[in-house]
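Each value in this text was obtained by applying a stated rule to the coordinates, not by laboratory testing. Note that the structure is predicted; figures quoted are calculated from it, not measured. Note that each Cβ is placed from the backbone with ideal geometry, even for glycine, and that neighbours are counted across all protein chains shown.
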Amino acid sequence: MLFMVIERFRDGDPVPAYRHLRDRGRSLPEGLTYVDSWIEAGCGRCFQLMECDDPRLLQQWVLQWRGCGITFEIVPVVPSKDTRDLVGPFLDEA
């Protein structure tokens, strides 16, 4: 399953999170895969796409980032192309 992880940096300050990343790496438990990430222009949020089959791995990962000034929102997502294929048969209904 894919998950969009929205990280909010306390006071818009990404430095503690980047320091943790530099010093400890992503701290991913086995079975949790980092796909890609994007940082909001104002540095207040980071959007990370993660993949795993067991959501408890996300919980384990979040706990490893305690004290870094980050709050997490985790949203299960489906790729747009997959949803487009699912919706396709309904497009011509009246």
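What the pair-distance distribution of region 29-94 shows, using all Cα-Cα distances binned every 5 Å from zero, is 3, 12, 18, 21, 15, 10, 8, 7, 3, 1, 0 percent. Go ahead and estimate [θ] at 222 nm for the chain from helices alone: -39,500 (n - 2.57) per DSSP H run with n ≥ 4, summed, over the residue count, rounded to 500. Calculated mean residue ellipticity at 222 nm is -7500 deg cm²/dmol. Taking Cα atoms only, the orientation of helix 15-24 departs from the longest principal axis of the chain by about 90 degrees. Within the shell defined by Cβ-Cβ distances under 10 Å, the residues around Gly31 carry a net charge of -3, with Lys and Arg each +1 and Asp and Glu each -1.
Would any residue of region 1-37 have its amide N under 20 Å from a label point 7 Å out along Cα→Cβ of Val87? List them or say none. Answer for region 1-37: 2-4.
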